[in-house]
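Below is one structure; the comments refer to it alone.
FYI, it's all coordinate maths here, none of it is from the lab. From a predicted model like this one, the values you see are computed outputs, not experimental measurements. Reconstructed Cβ throughout: ideal geometry from the backbone, glycine too, with neighbour counts over all protein chains shown.
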Amino acid sequence: MIESGGGLGGRRLAPQERFRFACRPGLACFNTCCRDKRLPLLPYDFLRLRLALGLPAARLLAGHVELEADPVSGWPALRIRLGDRGVCPFVTDAGCSVYAHRPTCCRVYPLARAVRPGPGGGPPQEIFLRQETPGCLGWEQPDELDVAAWVEQQGLAPYQKANNHCLRLFLHPARRGKVSLDQAQTHAFISALYNLEAFRPLAASPGFGEKFGFDQARVRAALDDEEELMKLGVDWLAGVLFGK
Ligand code: SF4
Ligand code: SF4
């Protein structure tokens with residue numbers, strides 16, 4: 001799975017390697033990067049944005065999200081729908097209007113992160129790469145840091161933890177090559193991972209835990225916590241598509 005607004009590419013960073021980068025208002029390039037990008041919305045990105053904006057999922061989906069099949073994996077890929085002239089709908093003259101809730105791709109830049117499940121069910125394995133975009137003056141700033149400091153500065157930890165959970169579905173060991181979901185499966189994907197208001201009644205229905213192999217305590221906890229509900233949706237869909 002790739003966390004990036006521009007695919008993979010660029011030189012791989014060694015774990016403790018330091019790099020120079022800073023982004024701040026006042027740079028001549030400020031805001032110019034919030035346009036003409038493919039801005040993926042992973043399930044946790046969408047959840048954070050939805051809670052911050054106080055919108056029903058269906059309204060956020062209809063108003064600000066576009067959907068296509070990922071050309072490589074085949075999974076439905078949700079992205080922020082850019083407005084006129086290719087500009088992100090959340091950018092203002094003062095910067096990002098949803099900065100505290102910006103998605104993973106905006107946080108991780110100027111890096112990209114590729115992650116895969118660890119061997120034998122161990123911790124996921126990740127690599128980081130430099131994403132040097134022409135015109136980005138951040139690379140010319142004197143501030144020096146390493147990947148761990150960048151992850152902390154950008155508040156990436158909860159995003160990466162939730163994104164790692166999605167590996168159970170996106171990189172399920174029973175998946176063979178590119179997936180091809182029919183209309184009903186695509187609807188289930190959107191409901192279980194994004195439109196949690198649509199998934200909740202199923203999770204709350206009598207016999208859900210027994211039927212799909214989840215213990216009752218987990219189902220109850222998920223009904224009280226949106227992030228847990230999203231994770232339950234990931235695991236439910238993995239079971240439906242690939243079996244246990
Ligand atoms: S420094 Fe780079 S990331 Fe920051 S505003 Fe400029 S172009 Fe965007
Ligand atoms: S979400 Fe915010 S940081 Fe990301 S592209 Fe849009 S305005 Fe820029």
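Here are the numbers:
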item: Relative contact order (%) - the range 149-244, alpha-carbon pairs under 8 angstrom, separation at least six; result: 35 percent
item: Mean projection area, nm², convex hull over Cα of the range 62-109; result: 4.5 nm²
item: Pair ARG81, LEU27: separation of 7 Å Cα→Cβ label points (nm); result: 3.0 nm
item: Fully extended contour minus Cα-Cα distance, from LEU55 to VAL72, at 0.36 nm per residue; result: 3.0 nm
item: Ranking of MET1, MET230 by count of other Cβ atoms within 10 Å, fewest first; result: MET1, MET230
item: Compactness of the range 140-195 as Cα Rg over 2.2 N^0.38 Å, two decimals; result: 1.69
item: Nearest-20 debye value, the chain charge dipole, Cβ charges on Lys, Arg, Asp, Glu; result: 420 debye
item: Length-normalised contact order for the chain - Cα pairs under 8 Å, 6+ apart - percent; result: 27 percent
item: Trypsin sites (Lys or Arg not before Pro) restricted to the range 133-199 and DSSP loop, no more than 15 other C-beta within 10 Å; result: ARG176, LYS178
item: Taking only Cα atoms of the range 45-183, radius of gyration then Dmax in Å; result: 16.9, 50
item: Inter-label distance for TYR99 and ARG176, nm, one decimal - labels placed 7 Å from Cα along Cα-to-Cβ; result: 5.0 nm
item: Rounded to 10°, Cα long-axis angle of helix 43-53 versus longest principal axis of the chain; result: 80 degrees
item: Residues ASP84, ASP45, ASP70 arranged by fewest to most Cβ contacts within 10 Å; result: ASP84, ASP70, ASP45
item: Helix-only mean residue ellipticity at 222 nm for the chain, each DSSP H run of n ≥ 4 adding -39500 (n - 2.57), per residue, nearest 500; result: -11000 deg cm²/dmol
item: Mean separation of Cα contacts under 8 Å (6+ apart) over length of the range 1-82, as relative contact order %; result: 27 percent
item: Efficiency of FRET from Cβ geometry, ARG130 and THR186, R₀ 41 Å, rounded to 0.05; result: 0.75
item: Per-residue Cβ neighbour rank within 10 angstrom, fewest leading, PHE90, PHE30; result: PHE30, PHE90
item: Long-range tail of P(r) for the chain (Cα pairs > 25 Å, %); result: 45 percent
